[in-house]
Each structure stands twice: as C-alpha cells, then as structure tokens.
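Working notes for the structure below.
Nothing in this text is a laboratory measurement; each read-out follows from the coordinates by a stated rule. Because the structure is a prediction, the values reported are computed rather than measured. Here Cβ is always computed from backbone atoms with ideal geometry, including for glycine, and neighbour counts include all displayed protein chains.
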Amino acid sequence: MNAKHIVHSNKVKVRSVVALSVLILLSAQAWGDLCDIPQEVPDWLNAENNQAQGAINDIIKSLKQAYMDYFATLLKLEPEPQNPMVLGLMHTFIAILVPFYTAALLLTGAYFIFHSASPSGRARAKSMLLRLIASMILITLSVPIFMMLVDLEHFAKDVVLMFTIGGSSTDLQDYANNLMEPTVGWFNIQMDQIMNWEPAVSIPFFLMIFTFLVGPMVILAFRYMALIFLAAIFPVTIFLYSFEPTRKLGRGIFKVTVMWIFVSFVEAVVLVVYGIGMQSVGAFGATNLNLIQVAIAAAGALMLIVAPMILLGIMNWVAGIGMPVAFFAEPLAAMVAALESIEVENE
C-alpha cells in the first residue's frame, strides 16, 4: 500500500465521519419537525412518556456530571511504569526470558562451531550473536525506554494544551465542557421532542448522547489500563522483535504500544482543533445552534472517539512514505546494522 493510497484512505475516513454526522443531524431535525406537529395523545400515554423522559434525562445529567468530573483527569493521566507492581511484572517476564536467551546463545555457539569453515556461516553466526547481545541490552533498558516514550508524549501534550487552553485541569475541563455542551444539548432537545410523540424512537438519539459523553472517557480509561499491561510485557515485545520468526509479532505489539502511548496526545490535538472550528462558526459554548454548527460539533466529538484509528492511520502513512522512524520502529535493526558494519570493517 503506497503513501498516496493511505492518505486517500484517511481522507475518506474523515469525510465518512462528517457525512455520517450530517446524516444523523438531518434525520434528527426531520424527527423534531415532525414532532412539532400537534397530535392528540392519550393522558395515560403522556404520563408514561413523561416518566420515561424524566428517567432518561436523569441518566443524561449523571453522564454529563461524570464527563465534567473525569474527562480532564483522564486526558492528563499517565501510566507509571516504575510502579512496584508494574516493575515486578516486568522483572518476572525478564526472568522468564533468561532461559530462552541462554538457549539461544548456546545454539548460536553451536552453529558457529559447526559452520566455522564457511565464511557465510561465520558471518551469519556473528549476526545472530550481535542481535542477541543488542536484544539483551535493550531488555535491560526496557523501563527507561518505555518511560522516555511516555515522558515524550506527556511533554508534547502539555505543550499543546498549555499554549492553547491553559495549564490547569480546570481550564481544560471548562474548555471541554464548552465544546461538548452544545452538541449534547442539541441532541437532547431533539430527543425530548421525539419522546413526546414516541419514546422508543428517541433511543438512537440517547445512544448518540451516551456515545459523545462516554466514548472519549472510555478511550482514555482503556488507554491507561492497556499501557500498564503493555509496559509489563515490554521486555517480551523486545524479545519477539529480536528474532526473525517472531519479528512480525513483535513489531505489531510495538506499534500498538506506541499507538496507545500517543493516543492521549492525539486527543489533545483533536480537542484544540475541534475548539478552533467551534469558535470559528460561533458555536463554542452556545445554546442555540444551527444545523451546520451542530454538524461541526458532532464531527469533532466523534473524532475524539476515533482518535486511536486516526493515530494508526498516521503511523501507517509515516511508514508508507519511508520517513526516518528507525528509533521507534526499527531500534534493534539500526543498532545491529551499525555493529555488523564494524565487524565487516575489522575483517
């Protein structure tokens, strides 16, 4: 897959999100207009509708409060690989890998002895030995490497937020509330109008409100838990990447690790761009929105939810155009190539 195809695919994904948002909003507006038509509804049905509407509105209020209380905290929350529990798991995995490295070293030595008469055999044995040594060095440095990646993401995210929103969690939460409230408020109004006619028909709009409020928090909470697990198995990731038969699996796990580390940074960038778009159309913190303003707001809210896919697409695009990402994507290969070149010069 070439770079142009990947870029085109990412553009199609973004356009699909915007088109889906517009389609949903047009449907909601049509339902709202339909519900504005006077209709005779039995008293008993009105009572049931009011009861259901009150229960759903209570749920929405609880979700709004949870979003106001936890979104900023989750966005700024970072895992701690130096936590005793995580360190204990990492050391456990390293201890499990020791016998494998011992066996690999013995097999490499045996291979060198039995193929010492062949120049290609000696070269291959040296290459295998260098890869093993480089892998063992990287595994001993697995905690600092993981911490460096986390600190890099945390620094980049703080720079973006500090120069656009403010450094405190209160500023960030107020900003996020002013972005989400217009979107949720518009869908809530449409849902209330539809519920007066038929509560069951309002379920899709409740699901949209639920997705907008809960989706970003679920992504950030899952990121935190996933990174704790990925930090614990980071030595295994390096081990798998060290050997040709398992390199594809190790590269995949490493890519997922980098993706979940930087998802929070992408969320911050999307939040800022989302806010700029809302401010440009006069929808930032507004109460009465037109359809275009709500479409922009809904598209931005959906972007917060699909941030992992956005980052994965960016990573594939970077790999597709061949940018120098050797330190992140090919750390072991770069080190081994340098060592092997020294060996060839010495010979």
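Some values worked out for this structure:
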| item | result |
| --- | --- |
| Cross-link table Lys126/Lys248; Lys64/Lys255; Lys76/Lys255, entries beyond 30 Å C-alpha to C-alpha | Lys64/Lys255 |
| Spherically averaged projected area of region 92-160 from its Cα convex hull (nm²) | 6.3 |
| Length gained when the stretch Ala55-Ile133 is fully extended (0.36 nm per residue, less Cα-Cα span) | 21.8 nm |
| Distance histogram for region 90-229 (every C-alpha pair counted, 5 angstrom bins, percent rounded to whole numbers) | 2, 8, 9, 10, 10, 9, 8, 7, 7, 6, 6, 6, 5, 4, 2, 1, 0, 0 |
| Relative contact order, percent, region 149-274 [alpha-carbon distance under 8 Å, six or more residues apart] | 35 |
| Relative contact order for region 82-215, counting Cα pairs under 8 Å that sit 6 or more residues apart, in percent | 13 |
| Neighbour-count ranking [beta-carbon atoms within 10 angstrom, fewest first] of Ile137, Ile314 | Ile137, Ile314 |
| Simple label model, 7 Å out from Cα along Cβ direction - Glu78 to Phe229, nm | 2.3 |
| Förster radius 51 Å - calculated FRET efficiency between Arg247 and Thr170, Cβ distance, rounded to 0.05 | 0.65 |
| Spatial extent of region 157-283: Rg and Dmax, with the Cα atoms as the point set, Å | 20.0, 64 |
